[in-house]
Amino acid sequence: MSHPSRSQQPQSPAAEAERLREAFAEVAYDVTPSVVPIAAIAREGRRRRRRRTAAVLGAACGVLLVPLVVVMLRGGVPGGQGEREQVTPPAASVSPSPSMSMPHAGKVRVVTPGERVTVSPGTKIWLTEDGKHWTEPDKPTQFRSVTDGNLDLSSPGVSLQESGREDGTVFLSGIFHGAGEPALVEIRTVAGAIDGTALTLAGEPGWGVWYAEVKVPESVRSSSDFLGGVTERVTVYDSAGGVIASQEFSS
């Protein structure tokens with residue numbers, strides 16, 4: 001009967017563990033570890049930190065720019081899609097014509113019988129049921145009747161009285177009659193077109209008084225056009241633009 005050789009004899013657990021450690025040690029010695037890229041790792045770390053810093057700064061700038069964008073859009077910057085304010089340019093000033101003076105803008109007034117209306121210092125005009133009354137500086141009170149038959153109130157018409165002063169100012173006035181309520185009096189003169197004022201009594205009397213003042217320059221007063229008077233045409237309109245009465249006056 002043969003006996004197993006010594007190499008074939010079973011080993012104890014401790015001996016087996018020792019043999020395994022020796023084998024692993026031999027393998028470990030045969031493996032050369034690679035060099036750790038310390039510099040590359042450091043560069044990558046710095047790069048990532050820079051990216052994070054840039055991202056934070058970009059976000060902060062974006063937050064700061066939002067109010068600026070809103071302000072720009074509200075201010076009406078071209079190309080913006082936000083609310084835009086409309087800027088109204090200042091209205092151009094209109095200088096009065098050098099050829100005439102219009103101290104009283106045209107309008108319509110409903111007056112009571114006998115109510116004095118001041119046209120200019122010393123010049124007043126008023127209405128009664130029987131006609132037109134007025135006074136001027138250094139002149140007696142004057143009157144034009146609407147009941148004496150001199151005016152045909154059955155058809156539209158306009159009468160005219162003119163009175164000049166030394167400074168070239170001319171007081172124009174008269175009676176108009178026709179169907180409708182007056183809204184505008186347009187007066188064409190040798191010095192240009194002006195608006196007159198209409199005075200009426202309450203109710204529908206069928207007539208009223210118009211007046212205006214115009215300052216005629218010396219160049220016009222000395223011309224032949226001034227010899228026939230100042231007024232060329234008077235037209236009274238209603239609120240719809242219809243003509244209540246119109247009269248041509250030869251100059």
Sorted by chain and then number, the residues having a modelled amide H within less than 5 Å of the amide H of THR169, at least 5 places away or on another chain, are VAL216
On the Cα set of the range 122-177, report Rg and Dmax in Å, please. 12.5, 39
Spelling it out for THR128: with amide H atoms placed in the peptide plane at 1.01 Å from N, the residues 5 or more places away or on another chain with amide H under 5 Å from its amide H are GLY114, HIS133
Over the Cα atoms of the range 121-240, how large are the radius of gyration and the largest Cα-Cα distance (Dmax), in Å? 14.7, 44
Total charge dipole magnitude, the range 135-207, about the Cα centre, Cβ charges on Lys, Arg, Asp, Glu only, Debye to nearest 20: 60 debye
Lysines near LYS132 by alpha-carbon distance under 21 Å, same-chain residues fewer than 8 away left out - which ones? LYS107, LYS124
According to a simple spin-label model (label point 7 Å from Cα along Cα-to-Cβ), what is the distance in nm between GLN161 and LYS107? 2.3 nm
Given backbone amide H placed at 1.01 Å from N, residues whose amide H is under 5 Å from that of VAL146, ignoring those fewer than 5 places away on the same chain, are GLY131, LYS132
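Bear in mind these aren't lab numbers, they're just calculated from the coordinates by the rules spelled out. Note that this is a predicted model, so its numbers are computed, not measured. Here the Cβ is made from the backbone with ideal geometry for all residues, glycine too, and neighbour counts use every protein chain on show.
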